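**Q** Encoded as structure tokens, here's the structure I'll be asking about.
The values are calculated or read from the model by the stated rules, or taken from the named source; none is laboratory data. No experiment lies behind these values; they were computed from the predicted model shown. Glycine gets a Cβ as well: all are built from the backbone with ideal geometry, and neighbour counts include every protein chain shown.
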Amino acid sequence: MTKRPLLHFTAAAGCINDPLALTWRDGTYHLFFQYVPATTVWAFGCHWGHATSPDLLRWTEQPVALSPGDGDDGCWSGSLVTLDGRDAVLFYTSVRGPDLDLGRVRRARPADQAWRHWIKEGVVVEAPRDEGVIRFRDPFVFRDRDAWRMLVGATRADGTAVAFGYRSTDLLDWRSTGPLAQRSGSITEPVWTGTLWECVQLLPVDDRHLLVVSVYDAGVLHYVACAVGTYAEGAFQPENWFRLTYGAALYATSAYRDDRGRPGLVGWLRGVADPGGGWTGAITAPALVGLDERHHPLVRPHPNVAARRRDAQPARWPAGAAVDLEWSPRHGSLSIVDGQDRAVAEIRASDGMLTLVVDGVGTWDMPWPGGEVRLLLDGPVLEIFGGGAL
């Protein structure tokens, strides 16, 4: 049986993927997530699961927030905004067969102050009919001065990935403002960003904005990328594109603000599963996002993670404990050994690259500009932070 991670959220049972609408409210973090309760494999009839935490690390599952029905064959990814620090409006992708790729944006409101139960309302945005759109999903809503803005990821038939923009003053009536950003799937430099941007997020960081996208193409989930640039009045001007994640696990990141208002990201970890135990999928440890002096993105574990740090042998993965350590790659390589003294992984540093070799699974590379590398070893999960990526 696969050991559950301690610092990474997993559902008691069922299949989870995209984290959604992580929100700090009244001394509690609320995490929503795309969820299929009755199976360990993904199915289009997704729900919105819900969990709460005082510190982003200790989670308590709550009742399912949204379920298929009432005109939905599935409740897919979206976001949430608060109106007065207490009331909220949730926006999600309502999908119906047979064309699941053309989602509709629908609202829901909480039926209670604990956000345990939600009442579905009407559809507020549908896919553009005159833009050659063949995929449309994942609304992200945020406040922009005296109005609200919505971004929705899409694909045009010519292979262009688009983040369509909408504006509203009341969260009910939405007016199209055209593409916030778009990029052809044929462009590969400096980073290829596919033909569909899933889970589009826009977050202010220092004096810039980050447009964070999960890269999808031809049915394949690839990685997370971001553009650093400037945003004003519904228009985003990218300065440069970066790849944020490496390896086969991390996808579908979601932006949040912590209890001190700092910008961060959480994401979905694919391949972390125990089908025999009835659960699949995990959520990353919380991370904060910043920019270095070159305006390149920096992703680091949230300080709450370090507060849970325990002493451990640097190369050992002790049973029943999560290990958080810093490693200096000038030592060349680091072997990770499980509780039975079996080498399960090795990290190598050379020529500006970190290479992770996982026994019986595969090998992955990520750029490394030098300096310390942060490692989170947590049961079946290994997160590596180095050079601004993970």
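**Q** Which members of the stretch 160-188 meet the condition of being over 25 Å from the mean Cα position of the chain (by Cα) and loosely packed, with under 13 Cβ neighbours inside 10 Å?
**A** T169, D170, L172, D173, R175
**Q** Condition check: in the same structural domain as H209 (by TED's automatic domain parsing), at pLDDT 90 or above, basic (K, R) and within 23 Å of the chain's Cα centre (by Cα). Does R294 satisfy that?
**A** So R294 fails the test.
**Q** While we're looking at this one, here's another question. With respect to T39, determine if the residue is among the polar types (S, T, N, Q), without any contact (Cβ under 8 Å) to a residue 60 or more places away in the chain and within 24 Å of G261 (Cα to Cα).
**A** Considered against the rule, which asks whether it is among the polar types (S, T, N, Q), without any contact (Cβ under 8 Å) to a residue 60 or more places away in the chain and within 24 Å of G261 (Cα to Cα), T39 comes out as no.
**Q** Only one residue in V213, V133 is of a type outside the set (S, T, N, Q), in contact with a strand residue (DSSP E or B) (Cβ under 9 Å, 6 or more places away or on another chain), over 30 Å from L291 (Cα atoms) and at pLDDT 95 or above. Which one?
**A** Checking each option against the conditions leaves just V133.
**Q** Related question: With the checklist (1) assigned to a strand (DSSP E or B); (2) in contact (Cβ under 8 Å) with a residue 60 or more places away in the chain in hand, flag the one item R116 doesn't pass.
**A** All conditions pass for R116, except number (1).
**Q** Name the residue, out of G247, G261, G271, that is modelled with pLDDT under 95, at positive phi and in a loop (DSSP other than H, G, I, E, B).
**A** Result: G247 is the single residue among G247, G261, G271 that is modelled with pLDDT under 95, at positive phi and in a loop (DSSP other than H, G, I, E, B).
**Q** When only residues in the stretch 183-234 that are part of a strand (DSSP E or B) and small (G, A, S) count, which is nearest to M150 (Cα to Cα)? Spell out how you get there, then give the answer.
**A** Let us first name the residues in the stretch 183-234 that are part of a strand (DSSP E or B), namely 183-184, 196-205, 208-217, 220-232.
Then keep just the ones that are small (G, A, S); that gives 184, 214, 225, 227, 229, 232.
Working: S184: 21, S214: 17, A225: 20, A227: 18, G229: 18, A232: 14 Å.
Restricting to residues being part of a strand (DSSP E or B) and small (G, A, S), the top hit is A232.
**Q** Taking the condition surrounded by 21 or more Cβ atoms within 10 Å (Cβ to Cβ) and within 24 Å of the chain's Cα centre (by Cα), does A88 pass?
**A** Spelling it out, it is not the case that A88 is surrounded by 21 or more Cβ atoms within 10 Å (Cβ to Cβ) and within 24 Å of the chain's Cα centre (by Cα).
**Q** In the stretch 179-232, which residues are charged (D, E, K, R) and touching a His at 6+ places or on another chain (Cβ under 9 Å)? Walk me through how you get there before you give the answer.
**A** Of the residues in the stretch 179-232, the ones charged (D, E, K, R) are 183, 189, 198, 206-208, 217.
Within the stretch 179-232, D206, D207, R208 qualify.
**Q** Quick one: is P303 touching a strand residue (DSSP E or B) at 6+ places or on another chain (Cβ under 6 Å), modelled with pLDDT of 85 or more and within 30 Å of T52 (Cα to Cα)?
**A** So P303 does not fit the description; no.
**Q** Here's a follow-up. Out of G27, G78, which single residue is surrounded by fewer than 16 Cβ atoms within 10 Å (Cβ to Cβ), of a type outside the set (S, T, N, Q) and out of contact with any Gly (no Cβ under 8 Å at 6 or more places or on another chain)?
**A** Details: G78 fails: surrounded by fewer than 16 Cβ atoms within 10 Å (Cβ to Cβ).
Being surrounded by fewer than 16 Cβ atoms within 10 Å (Cβ to Cβ), of a type outside the set (S, T, N, Q) and out of contact with any Gly (no Cβ under 8 Å at 6 or more places or on another chain) holds for just one of G27, G78, which is G27.
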